[in-house]
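Visitor: Attaching a single structure in structure tokens format; questions to follow.
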Amino acid sequence: ISGDQDGDSCISGSVLTKHADRLYELTLSKDEKVRQMIIDLIGHLLRQGLINPMATVPHLLAVQGDVKSPATRSSALKLLITEGEKRPDMLRQRICAGLKQAYYFQKEVYPHDSSGVPRVTALLSRNEGPKVVTDTIFDQVIKESAIRNKRAQRQGLLKGIISLFEKDPDSEHTDADQLPLLAFASEILAHLPYTALNDPLFIVYHLSCITALDGQSIINQFSELLGGDLCDPNSEEDDIERAAKTGTFDPNQFGLESKSAEFGQLCVNACRILPLLQLKIFLCEAYSLSEARITEFVPSEKERIHEKGVSISDSIPAFSCIMDPIFDSQQNINWNNAGKVYAMMRPMMRDSEEEDLHVDTEPLKKTPKRKSGQKRKLGDFDDALAQDSPKVSPD
């Protein structure tokens with residue numbers, strides 16, 4: 001395709017435009033050369049305006065997961081940067097679709113491991129001297145695009161990824177097939193290149209909102225199914241937790257054999273919350289987030305100068321979220337895996353609730369008095385109120 005002025009190229013372009021879906025499918029080819037040629041062809045069509053950028057960007061983001069072909073990743077990255085300069089909001093709007101496509105890309109393109117499970121990873125490791133640095137497959141997209149320096153776009157991008165963990169309003173339960181995708185997304189959130197403390201604080205804030213509502217609902221449903229205390233269903237360790245931790249969990253002992261479908265589905269629902277609880281702990285350790293700072297954080301607050309230029313701690317290992325299946329291919333429950341999920345969910349929710357309900361009990365400070373005739377500066381009264389008010393979690 002040499003240009004719009006060439007009649008033959010216009011005909012070729014129109015034909016390729018009609019078969020755009022097939023071009024997208026070819027990005028999933030197991031042949032590295034085919035993937036490289038398709039990305040080059042998509043680039044030509046984008047430059048000539050013969051293909052929809054909104055439909056194309058998720059597939060370019062997916063190719064960032066082509067960890068075995070740096071040349072293909074680089075070509076797709078250049079196209080993403082170009083589109084990001086033309087349409088700054090596009091990456092934020094399409095990151096959710098791009099993340100899903102990246103997961104399916106790796107699942108389709110790369111061969112299975114020795115156990116027959118597709119090798120899907122959101123993380124890349126490299127050595128910098130004596131230390132090992134962990135990046136995500138989207139790091140270069142964030143670093144090279146303007147989105148890194150625009151707070152509103154960064155928060156929009158993060159919120160888009162977090163939305164994957166929100167409960168589907170059209171379904172009462174979580175689909176077990178979506179759990180590996182959620183694990184993939186949690187790894188992305190853990191290791192994106194954050195340069196201001198507001199970003200991990202923003203994530204922790206929204207994770208807390210989801211876990212406080214949906215997590216507590218799941219705990220209540222477990223208690224209702226098992227005949228526990230509905231008024232305070234998670235006050236302390238129960239018998240099932242103790243049995244699962246010691247490896248002596250027997251469903252018959254607790255009358256669960258006849259409730260396998262209900263118990264298993266609740267464990268699947270809990271697996272949607274567990275990555276969020278694990279991610280919250282990881283971010284707090286990786287960025288040294290204090291309980292007081294988490295408690296007082298508000299998404300609309302301005303970035304603090306001394307909280308810019310942060311980086312992840314070198315001493316913390318890479319985040320990993322591994323989810324063992326609750327049901328097998330015949331929909332038979334794996335009681336060992338279900339027991340482990342139950343024994344993980346309850347104590348993590350107890351710890352999370354204690355942090356979220358923390359109240360600052362320091363004595364109230366008096367509002368500073370103004371001299372007679374002195375006008376109040378904008379924000380003085382609000383700051384005083386903020387200091388006087390006990391700091392509680394947004395949940």
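Visitor: All but one of (1) farther than 23 Å from Ala176 by Cβ; (2) over 16 Å from the mean Cα position of the chain (by Cα) hold for Gln331, so report the exception by its number.
Guide: (1)
Visitor: Could you check, for the stretch 249-260, whether at least one of its residues is under 30 Å from Ser125 (Cα atoms) and in contact (Cβ under 8 Å) with a residue 60 or more places away in the chain?
Guide: Looking for residues that are under 30 Å from Ser125 (Cα atoms) and in contact (Cβ under 8 Å) with a residue 60 or more places away in the chain, one finds none in the stretch 249-260, hence no.
Visitor: Cβ-Cβ below 6 Å, separation at least six or inter-chain, first residue in the stretch 71-85 and in contact (Cβ under 8 Å) with a residue 12 or more places away in the chain and surrounded by 19 or more Cβ atoms within 10 Å (Cβ to Cβ), second small (Gly, Ala, Ser) and assigned to a helix (DSSP H, G or I): which pairs?
Guide: Leu79/Gly43
Visitor: Filter the stretch 125-150 down to the residues that are surrounded by 14 or more Cβ atoms within 10 Å (Cβ to Cβ), in contact with a helix residue (DSSP H, G or I) (Cβ under 7 Å, 6 or more places away or on another chain) and of a type outside the set (S, T, N, Q) and list them by number.
Guide: Within the stretch 125-150, Asp135, Ile137, Phe138, Val141, Ile142, Glu144, Ile147, Arg148 qualify.
Visitor: Follow-up. If Leu192 passes every condition in (1) more than 12 Å from the chain's Cα centre (by Cα); (2) surrounded by 15 or more Cβ atoms within 10 Å (Cβ to Cβ); (3) in contact (Cβ under 8 Å) with a residue 40 or more places away in the chain but one, which one does it miss?
Guide: Every condition holds for Leu192 apart from (1).
Visitor: Read through the list (1) at pLDDT below 95; (2) crowded, with 19+ Cβ neighbours inside 10 Å, then give the number of the only condition that Cys267 fails.
Guide: Of everything listed in (1) at pLDDT below 95; (2) crowded, with 19+ Cβ neighbours inside 10 Å, Cys267 misses just condition (1).
Visitor: Let me ask you something else. So which pairs qualify, if the first residue must be in the stretch 321-337 and over 23 Å from Phe184 (Cα atoms), the second must be open to solvent by less than 80 Å² (accessible area, probe 1.4 Å) and of a type outside the set (Lys, Arg), the Cβ gap must be under 7 Å, and the two must be at least 6 apart or on different chains?
Guide: Ile333/Ser260; Ile333/Gly264; Ile333/Ile326; Ile333/Phe327; Trp335/Phe249; Trp335/Pro251
Visitor: If you don't mind, another one. Please find, among Gln278, Gln253, the residue that is closer than 30 Å to Gly160 by Cα and polar (S, T, N, Q).
Guide: Going through Gln278, Gln253 in turn, just one is closer than 30 Å to Gly160 by Cα and polar (S, T, N, Q): Gln278.
Visitor: Provide a single number: the residues in the stretch 323-349 that are open to solvent by 40 Å² or more (accessible area, probe 1.4 Å) and not aromatic (Phe, Trp, Tyr).
Guide: Counting residues in the stretch 323-349 that are open to solvent by 40 Å² or more (accessible area, probe 1.4 Å) and not aromatic (Phe, Trp, Tyr) gives 12.
Visitor: Continuing with the same structure: Would you be able to say whether some residue in the stretch 285-296 is free of Cβ contacts under 8 Å to residues at least 24 places away in the same chain and either open to solvent by 40 Å² or more (accessible area, probe 1.4 Å) or part of a helix (DSSP H, G or I) (or both)?
Guide: Yes; the residues of the stretch 285-296 include at least one that is free of Cβ contacts under 8 Å to residues at least 24 places away in the same chain and either open to solvent by 40 Å² or more (accessible area, probe 1.4 Å) or part of a helix (DSSP H, G or I) (or both).
Visitor: For the stretch 135-176, how many residues are touching a strand residue (DSSP E or B) at 6+ places or on another chain (Cβ under 9 Å) and either at pLDDT below 90 or part of a helix (DSSP H, G or I) (or both)?
Guide: The number of residues fulfilling the criteria is 5.
Visitor: Here is a further query. Give the stretch 19-33 a look and list any residue that's surrounded by fewer than 16 Cβ atoms within 10 Å (Cβ to Cβ) and not in a helix (DSSP H, G or I), or say none.
Guide: Matches in the stretch 19-33: His19, Ser29, Lys30, Asp31.
Visitor: Could you tell me whether Phe249 is among the aromatic types (Phe, Trp, Tyr), assigned to a helix (DSSP H, G or I) and surrounded by 14 or more Cβ atoms within 10 Å (Cβ to Cβ)?
Guide: Answer is no for this residue.
The values are calculated or read from the model by the stated rules, or taken from the named source; none is laboratory data. Everything quoted here is computed from the prediction, not taken from an experiment. All Cβ positions, even for glycine, are placed from backbone atoms using ideal geometry, and neighbour counts span all protein chains on display. What goes into the accessible areas is simple: the full protein's heavy atoms, side chains included, and nothing from ligands, DNA or RNA. Shrake-Rupley method; radii C 1.70, N 1.55, O 1.52, S 1.80 Å.
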